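Structure record follows, encoded as structure tokens.
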Amino acid sequence: QVQLVESGGGLVQPGGSLRLSCAASGSIFSIYAMGWFRQAPGKQRELVASITSGGNTNYRDSVKGRFSISRDNAKNTVYLQMNSLKPEDTAVYYCNHAPPCLPCWGQGTQVTVSS
């Protein structure tokens, strides 16, 4: 079963940047589309960005132009570069296959945007 370990979260001021990383093991990483998801308190988990095995990307409207997803198949790692962060970006961020592998959710990494 695939294992996903997210890192790179933290506390950042509005307008700041963070880069999240997700290390995957236990599957043939390169053949899967991958996504970054987030869940804010009291809200449902939502897909933020996805990237296909071929590198095509998609973003939810609220993060377009601010977030960038990328992947390094040699390192079995997917990244999320987040710029111009807003308080409404505060959430726990998770990576997973896209669509998600339900048993594969990791612990996530907390991102807090606050002054």
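The values are calculated or read from the model by the stated rules, or taken from the named source; none is laboratory data. Being a predicted model, the structure only gives us computed values, none of them experimental. Virtual Cβ from ideal backbone geometry, glycine too; neighbours counted across all protein chains shown. For the accessible areas, the whole protein counts, side chains as well, though only heavy atoms, and no ligand, DNA or RNA atoms are used. Shrake-Rupley method; radii C 1.70, N 1.55, O 1.52, S 1.80 Å.
Taking 55, 26, 15 in turn, the Gaussian network model of the chain (Cα-Cα springs below 10 Å) assigns the largest fluctuation to 26. Relative contact order of the chain, taken over Cα pairs closer than 8 Å and 6 or more residues apart, is 38 percent.
In segment 48-87, Cα pairs under 8 Å separated by at least six residues give a relative contact order of 31 percent. Couplings 3J(HN,Hα) for segment 26-35, derived from phi with the Karplus relation 6.51 cos²θ - 1.76 cosθ + 1.60 (θ = phi - 60°), are x, 8, 7, 3, 5, 8, 9, 6, 10, x Hz, where x marks Gly and Pro.
For residue 16, the residues whose amide H sits under 5 Å from its own are 85, ignoring neighbours fewer than 5 places away on the same chain, with H placed 1.01 Å from N.
Subtracting the Cα-Cα distance of residue 114 and residue 84 from their residue separation scaled by 0.36 nm leaves 9.6 nm. When the Gaussian network model of the chain links Cα atoms closer than 10 Å, the mean-square fluctuations of 44, 81, 13 top out at 44.
Extension gain for residue 13 to residue 30 (0.36 nm times residue separation, less C-alpha to C-alpha distance): 2.7 nm.
The amide H of residue 10, built 1.01 Å from its N in the peptide plane, has 111, 112 as neighbours under 5 Å, considering only residues 5 or more places off or on other chains.
Dipole orientation for segment 62-115: of the candidates 73, 84, 112, 73 has the Cα lying most toward the positive pole (charges on Cβ; Lys, Arg +1; Asp, Glu -1).
So how strong a dipole does the chain carry about its Cα centre when Lys and Arg Cβ are +1 and Asp and Glu Cβ are -1, to the nearest 20 debye? Could the numbers behind the result be given before it?
Numbers: 10 positive and 6 negative charges, 19 e Å.
Charge dipole, the chain, about its Cα centre: 100 debye, nearest 20.
When DSSP beta bridges are limited to those with both residues in the chain, what percentage is antiparallel, rounded to the nearest 5? Mind showing how you got there, number by number?
On the way: 34 of 37 bridges.
The answer is about 90 percent antiparallel.
Excluding ligands, DNA and RNA, the accessible surface per residue across segment 16-74 is 53 Å² with a 1.4 Å probe.
State the percentage of accessible surface on the chain attributable to carbon and sulfur atoms; use a 1.4 Å probe and exclude ligands, DNA and RNA.
Answer for the chain is 48 percent, counting heavy atoms of protein chains only.
Stretching residue 107 away from residue 23 to a fully extended chain increases their span by 29.0 nm, per 0.36 nm per residue minus the current alpha-carbon distance. If you run the Gaussian network model on the chain, springs between alpha carbon atoms under 10 Å, then out of 27, 68, 17 the most flexible one is 27. In order along segment 49-61, phi translates into HN-Hα couplings of 7, 9, 9, 7, 4, x, x, 6, 10, 9, 9, 6, 4 Hz, rounded to whole numbers, per the Karplus curve 6.51 cos²θ - 1.76 cosθ + 1.60 with θ = phi - 60° and x for Gly and Pro.
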